[in-house]
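The values are calculated or read from the model by the stated rules, or taken from the named source; none is laboratory data. What you see is a predicted model; the values in this text were computed from it and never measured. Backbone-built Cβ (ideal geometry, glycine too); neighbour counts: all protein chains shown. Quick note on the areas: whole protein, heavy atoms, side chains included, nothing else; ligands and nucleic acids left out. Shrake-Rupley method; radii C 1.70, N 1.55, O 1.52, S 1.80 Å.
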Amino acid sequence: MIGLGLPRGFVVTLKNFIRPAVTEQYPDRRIGLFGAAKEAGMNPVRFLFSRPKESFKAFVGLATVPVAVKQSARFRGNEFVFFEDRCTACASCAKYCPLGIIEIVSVPGKIDAQEGESYKLEVFDIDIGRCMFCGLCVEACPYDALHMGTQFERSKYVRDSLVITKEELGAALKRPSSFYRPQFEEKTFDPFLEVIEDFHDAGRHERPSADELKRKWVDER
Amino acid sequence: MAIKTQPVTVNLGPQHPSTHGVFRMRVMFDGEEIVDVEPVFGYLHRGSEKLAEERTYTQVVTLTDRMDYVSSMLNNHAYMLAVEKLAGIEPSPRGVWLRMIASELQRIASHLVATGFLLQDLGALGTPLIYAMRERENILDLFEMLCGARITNSYLRPGGVFMDAPDEFWPALKRSLVDILNTIDELETYLSGNEIVFSRTKGTAVLPPELLINASITGPMLRASGVDWDLRHRNPYDYYDKVQFNRILHTASDNYARYWVRVQEMRESLKIIHQCVEQIEPGPVRPSFDEIPRLIRPPVGDAYVAIEGSKGELGFYLVSDGGISPYRMHVRASSLINLTLLRDMLIGGLFGDLFVTFGSVDLNMGEVDR
Ligand code: SF4
Ligand code: SF4
């Protein structure tokens, strides 16, 4: 049973042999001699003569630079971005979580003549050790206080340290993903370079118009 | 003949690299020939059906992702159709088109994995598998754009999908479709005419169509025996009646036929995606929360919906008692039912064909054990 099948197959493998590799190098990428020279800010010839040891290292492929993985804006990473100012302690997120791993304790706060009664958030813990990053809590949050984050290198040695408290959430760098938050989709947001410091930047849904407010709060009551 | 020979029993698995998961077979050999096979499974049982009884209808989506983890989008799809039927929800057109595109992409990804691993089991270590995986990676990137996750998608919601596709999705989809077609062509030149593949797969593990029908086998395995049974044709759900595609049939019903049917079905899926992209129109991707609240309480009753999954008929049976979570959920797992003919396929065959046959069934242990 000898035919053309095998040679044709070898043509395919040969084609693939010479096409550029698609492998993503992570967490470090090899840069080679020219890359190393560029990193050092010299031209390759000068680099070769002034630092022979480093050049040899780069030549055999030991010179590396850390690299960020390409990820899309909606990527659900292993962290959360939380804006406490916006959270009303409504606990929708906790009720919506399939695993029940969000703990919220709230106490009655101040009573404002205009805004009415409000609640103060005492405890907001997420056990991300058990979280499956499904994003349902983010979907449930009516006030855009909770967002998925884009980072994923979050491994720890003990499970206790995976319980994220309100303070840790507030202190963490805010790199929200656009999962269920279309307002982040408009501006192209690079999760590796940009950090949202001010919560006003994070965008809200559009402010309701005066007509809408009247219909909702006056006419329908 | 005074001296008697004895068959030897060998335990294959549960941690055998060729069993595609934690699956164990107790095989009795008489030399090279297989005398008896006893499949043992349940190592990956997580009780998903029971867990569903204490989650709300939307939360159960996350469980369906983890059943057949090579085709989670199709599981989401089947489950959501069952919820919609149970609660009488009218889906939004754009959401339906989007989930059809996602499902067909997932079918290609799943068939690529099946083809790659079949060849891996044949002894083609690496090369075809890597080609297939490279293309699957493309599809997973598309899923990441759509829903932010690659495997555990949870993309579908009652009445559609949770979010519209981002702008960069459409050009990326267009590029990927070309790439996928090239890879299928490549696989075909590489394998479909390959003499070694022929001699190893043709005429092995032949199953008569009557036996397949009696054992209620579905999917590519059934179509490889010449029985025209594709739920997308027979019982069109969603908008499958608005797209045209060919029925892929082969009559040999051997391992090669199963491989061939899968490869051709990928081409048909590409056609379906092209037609979906042409027909998709702007609009909401899911009904608003005024129409369908977050917490659905379907009326008392039950619903069964089956779709054409990547491995066969994938059905979800839901019973509601009027509460916020299903009273009972049952999954008709195609992998489990396709497994039932393993004995008939293997007995009388040779040891060398065991894993090839096993690979041609395209099992997923996450779905078998749930
Ligand atoms: S991502 Fe999912 S599992 Fe994690 S806290 Fe949110 S709802 Fe719960
Ligand atoms: S749903 Fe949003 S506003 Fe409500 S408690 Fe959770 S984070 Fe705060």
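Whenever you get a sec, line up A:72, B:216 from highest to lowest accessible area (probe 1.4 Å, protein heavy atoms).
B:216, A:72
Buried accessible area between A and B (1.4 Å probe, both chains summed, ligands and nucleic acids excluded), in Å² to the nearest 100?
The buried area between A and B, both sides summed, comes to about 2800 Å².
Excluding ligands, DNA and RNA, what is the solvent-accessible area per residue of the stretch B:1-102 at a probe of 1.4 Å, expressed in Å²?
Per-residue value: 44 Å².
Which percent of the accessible heavy-atom area of chain B goes to carbon and sulfur, probe 1.4 angstrom?
Answer for chain B: carbon and sulfur cover 55 percent of the accessible area.
Can you list the residues of the stretch A:65-80 whose accessible area drops by at least 20 Å² going from the chain on its own to the full set of protein chains, with a 1.4 Å probe?
A:72, A:74, A:75, A:76
Got a sec? What order do B:161, B:178 fall in by accessible area at 1.4 Å, biggest, i.e. largest, first?
My answer, sorted largest first, is B:178, B:161.
Hull surface divided by four, with the convex hull built on the Cα atoms of the stretch A:37-97: how many nm²?
Averaging across all directions leaves 8.2 nm² for the Cα convex hull.
With a cap of 16 neighbouring Cβ atoms within 10 Å, and only residues DSSP puts in a loop, list the trypsin sites (Lys or Arg not before Pro) found in the stretch A:1-100.
Of the trypsin sites (Lys or Arg not before Pro), the ones in loops of the stretch A:1-100 whose Cβ has at most 16 other Cβ atoms within 10 Å are A:70.
Just to confirm the filter: which GluC sites (Glu not before Pro) across the stretch A:56-123 are DSSP coil and have at most 10 other Cβ within 10 angstrom of their Cβ?
Within the stretch A:56-123, the qualifying GluC sites (Glu not before Pro) (loop, at most 10 other Cβ atoms within 10 Å) are A:115.
Counting helices only, and only those DSSP H runs with n ≥ 4, report the 222 nm mean residue ellipticity of chain B as the sum of -39,500 (n - 2.57) divided by its residues, in deg cm²/dmol to the nearest 500.
Here the helix-only value at 222 nm equals -14000 deg cm²/dmol.
If amide hydrogens are placed 1.01 Å from N in the peptide plane, which non-local residues have theirs closer than 5 Å to the one on residue A:29?
Correct list: A:65, A:67.
Karplus couplings for the stretch B:160-173 from phi (6.51 cos²θ - 1.76 cosθ + 1.60, θ = phi - 60°), rounded to Hz, Gly and Pro as x?
Going residue by residue, I get x, 10, 7, 8, 5, 5, x, 4, 6, 5, 5, x, 5, 4 Hz, with x marking Gly and Pro.
Take every Cα-Cα distance within the stretch A:24-69, group them into 5 Å bins from 0 onward, and report for each bin the whole-number percent of pairs it holds.
6, 27, 31, 20, 10, 6, 1
Calculate log10 I(q)/I(0) of chain B for q = 0.11, 0.13 Å⁻¹, where I(q) comes from the Debye formula with a single equal point scatterer on each Cα and nothing for solvent.
-0.75, -1.04
Just the number, please: Stokes-Einstein D of the protein assembly as shown in µm²/s, Kirkwood Rh from C-alpha pairs, 25 °C, 0.890 mPa s.
91 µm²/s
Quick one: how many Å² of residue B:260 are accessible to a 1.4 Å probe, rounded to 10?
Roughly 70 Å² of residue B:260 is accessible to a 1.4 Å probe.
Mind grabbing the base-10 log of I(q)/I(0) for the stretch B:1-123 at q = 0.18, 0.19 Å⁻¹? Debye formula, identical points on the C-alpha positions, no solvent, two decimal places.
-1.07, -1.13
When you have a sec, figure out the Kirkwood radius of the stretch B:1-46 from all distinct Cα pair distances and drop it here in Å to one decimal?
11.9 Å
Please name whichever of A:36, B:215, B:60 sits farthest to the positive end of the charge dipole of the protein assembly as shown, dipole taken about the Cα centre and charges placed at Cβ: Lys and Arg +1, Asp and Glu -1.
It is A:36.
Going by amide H atoms built from the backbone, whose H comes under 5 Å of the H on residue A:149, apart from near neighbours?
A:77, A:79, A:80, A:81, A:177
Under the Karplus relation 6.51 cos²θ - 1.76 cosθ + 1.60, θ = phi - 60°, what is the ordered set of whole-Hz ³J(HN,Hα) values for the stretch B:60-68, x standing for Gly and Pro?
Each residue of the stretch B:60-68 in turn: 5, 3, 5, 6, 5, 4, 8, 7, 9 Hz.
Residues with beta-carbon under 15 Å from that of residue B:284, excluding residue B:284: net charge, scoring Lys, Arg +1 and Asp, Glu -1?
The answer is -1.
Would you tally the net charge around residue B:368, using a Cβ to Cβ cut-off of less than 14 Å, leaving residue B:368 out, and scoring K and R as +1, D and E as -1?
Around residue B:368, the surrounding residues sum to +1.
Given H placed 1.01 Å from N in the peptide plane, which residues other than close sequence neighbours of residue B:151 have an amide H under 5 Å from its amide H?
none
Through the Karplus equation 6.51 cos²θ - 1.76 cosθ + 1.60, θ set to phi - 60°, convert the phi angles of the stretch A:93-99 into ³J(HN,Hα) values in whole Hz; use x for Gly and Pro.
Here the 3J(HN,Hα) series is 4, 5, 6, 7, 5, x, 9 Hz.
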